[in-house]
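J.: This is the structure I want to talk about, given as structure tokens.
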Amino acid sequence: MFEAWVLACLLSTPKDCFEFQDTRGPYETRKECYERTIEMREVIQSMPDYRPQAFKCKEIVEELETWLLGLKSFCHIKLMI
């Protein structure tokens, strides 16, 4: 699974940059994620004073596994109390 992210900076102050995280995903494949970043970059490009600078498709498998392990540990602790 992949999350789509786009980094965009202000044209008026190029050192002021913001990360835009997709709200539709996650995506099954890197290709689907990449296609979504293209859509996001087009929308951001249409916003006054914003210029997309970079994008990434962040794999979230490890985060999900870590979250599930934490949840399992939390549930185990709660049951033992």
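Values quoted throughout were computed directly from the atomic coordinates according to the rules given, and no laboratory measurement underlies them. Just so you know, these numbers come straight off a predicted model, no measurement behind them. Heads up, the Cβs are rebuilt from the backbone with ideal geometry, glycines too, and the neighbour counts pull from every protein chain shown.
J.: Per-residue HN-Hα couplings for the range 22-31, Karplus 6.51 cos²θ - 1.76 cosθ + 1.60 at θ = phi - 60°, whole Hz, x for Gly and Pro?
T.: For the range 22-31, the Karplus curve yields 5, 10, 9, x, x, 10, 5, 10, 5, 5 Hz.
J.: Once you have the Cα-Cα distance between Glu32 and Leu7, take 0.36 nm times their residue separation minus that, and quote the gain in nm to one decimal.
T.: Working: separation 25, 0.36 × 25 = 9.00 nm, distance 1.82 nm.
Full extension from Glu32 to Leu7 adds 7.2 nm.
J.: Shifting gears a bit: Fully extended, how many nm does the chain gain between Lys56 and Cys17 (0.36 nm per residue separation, minus their Cα-Cα distance)? Please list the in-between numbers first.
T.: Numbers: separation 39, 0.36 × 39 = 14.04 nm, distance 1.49 nm.
That works out to 12.6 nm of additional length.
J.: Separate question: What's the exposure ranking of Glu35, Glu3, going from fewest to most Cβ atoms within 10 Å? Kindly include the intermediate steps, with their values, before the conclusion.
T.: Details: Glu35 14, Glu3 17.
So the ranking, lowest neighbour count to highest, is Glu35, Glu3.
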